[in-house]
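See structure below.
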Amino acid sequence: MTEMRFDDRVAIVTGAGGGLGKAYATLLAARGAKVLVNDLGGSFQGEGRDAGYAQAAAQEIRDAGGIAEANGDTVATAEGARAIVADAMHRWGRVDILVNNAGIVSASGTVSTVTDEQWTNDMAVSAGGTFYLCRAVWDGMLQRDYGRIVNISSGSWFGMGSAVPYPAAKGAVWAMTRGLASATRASGRNVRINAVMPIAGSRMTQLMGPEIHGLMERDFPARAVAPVVAMLAHEDAPCNGEMFTAGGGGYTRVFAGVTRGYRAADKDWTPEAALGQFDTVMDTTGFHIPEGSMDEAALYQSEVPWSAFKAFIQ
C-alpha cells in the first residue's frame, strides 16, 4: 500500500503541546505536513498559561526533521481562533487540515457541585473551541474545495457518572461533526469532517493515580491513536461525518442509529400503548443509521415533505 503522505499540506493541531495532540502533530509532520502546534499551556483544569509547551513540541518536531511552528493563542474565544488560523495563513498561506484536540476538565464532581464557571470553562474550550476553529477555516476550505477536519470527542458522552460539563461538551463536538459533514455532502465540496474518541494515557488519567496512569500509558499510548487521526486527515480519508474510537493499536466505528421501533398512523394513542410497544422499540435488530435529523423523521408515517426541510436548513 502506498504510504499516506502530507507533503505540502498545512495542518493546525490544537492542544498539541503534549500528550495526544503532540502525537497527532508529530505523525503529521513526520509524513511531510507543515504543522502549527497550538497550545495555551494551561493546566488540565484550564488554569494558567505557558507558551513553553507549544514551543518545546514544535522544536522536537523540527529536531526530527519536520516543519513546525508554535502558537500560544487560546481556542476558547472567537478572537483566539481567528489568531490561530491567521498565524498558519501568514506562515504558509492556507490551512488544509484542522485537528480540534484542545480540551479541559475543570469540573469532576457531581452535577450538584459543578459551578457556573466550571460549566462555562469546559464548554468554552472543548465545544466552543471546536466551533470557533471550524468556523475560522470553513470559508477557506470551501473556496479551495479542499479540507480535512478531525474533531476529538470522548467516550465520556456514553456516560461518566454525574459529571456533566466535559461529556456535554464532547457530545456537542459529535453533533457539530455530523452537522458540518451534512453541509459538505450537500455542497459537493471536497471537505470531510470526522471525529475520534481516543482511549489513551493522558493528563486525565494522571488524575487517577500513578498505577492506573502507568497502565494506560503502557497499554494505550497516545501514539496508538495518531494513525486513525492521520488517516482521517489525509486526502484519501474514506468517510465523512463518522466517529471512531481509537486506542491500543486498533479502532472501531461509533454510530447513532434508530431501531425499527413502533410507528403507527394513529396520532391519538396513549401512554399505555407506548408502554405496550416498549420491547419492540428497544429491539436493536434491523436498526437504521440516518444521515441527518430529517432522514430519521421520514421513517414515521406522514405526508410531510422532509426534503423541503433539508433544503431550508442547508
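The figures follow:
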{"item": "Candidates Asp87, Asp116 - the one that is over 18 Å from the mean Cα position of the chain (by Cα), without any contact (Cβ under 8 Å) to a residue 12 or more places away in the chain and in the same structural domain as Val150 (by TED's automatic domain parsing)", "result": "Asp116"}
{"item": "Subset of segment 71-110 [closer than 22 Å to Ala23 by Cα and among the polar types (S, T, N, Q)]", "result": "Asn71, Thr74, Asn100, Asn101"}
{"item": "All positions within segment 238-267 that are over 18 Å from Ala181 (Cβ atoms) and of a type in the set (D, E, K, R)", "result": "Arg260, Arg263, Asp266, Lys267"}
{"item": "Hits in segment 7-38 (condition: more than 17 Å from Met89 (Cα to Cα), touching a residue at least 40 places away in the same chain (Cβ under 8 Å) and out of contact with any Phe, Trp or Tyr (no Cβ under 8 Å at 6 or more places or on another chain))", "result": "Gly15, Gly19, Leu20, Gly21, Lys22, Ala23, Tyr24, Ala25, Thr26, Leu27"}
{"item": "Residue list for segment 257-273, filter: surrounded by fewer than 14 Cβ atoms within 10 Å (Cβ to Cβ) and either among the hydroxyl-bearing types (Ser, Thr, Tyr) or under 23 Å from Gly241 (Cβ atoms) (or both)", "result": "Gly257, Thr270"}
{"item": "Check on Ala136, closer than 29 Å to Ala181 by Cα, in the same structural domain as Tyr24 (by TED's automatic domain parsing) and part of a strand (DSSP E or B)", "result": "no"}
{"item": "Verdict on Arg135 being in contact (Cβ under 8 Å) with a residue 12 or more places away in the chain and in contact with a strand residue (DSSP E or B) (Cβ under 7 Å, 6 or more places away or on another chain)", "result": "no"}
{"item": "Entirely in segment 173-264, the helices (runs of 4 or more DSSP H) that have 1 or more residues that are out of contact with any strand residue (DSSP E or B) (no Cβ under 8 Å at 6 or more places or on another chain), within 27 Å of Tyr132 (Cα to Cα) and in contact (Cβ under 8 Å) with a residue 60 or more places away in the chain", "result": "203-206, 226-233"}
{"item": "Top-ranked residue of segment 111-152 - restricted to ones that are among the acidic types (Asp, Glu) and modelled with pLDDT of 95 or more, ranked as surrounded by the fewest Cβ atoms within 10 Å (Cβ to Cβ)", "result": "Asp139"}
{"item": "Subset of segment 139-166 [farther than 14 Å from Met197 by Cα, assigned to a helix (DSSP H, G or I) and not hydrophobic (A, V, I, L, M, F, W, C)]", "result": "Asp139, Gly140, Gln143, Arg144, Pro165"}
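The values are calculated or read from the model by the stated rules, or taken from the named source; none is laboratory data. All values reported here derive from a predicted model rather than from experimental measurement. Using ideal geometry, Cβ is built from the backbone for each residue, glycine included, and neighbour counts are taken over all protein chains shown.
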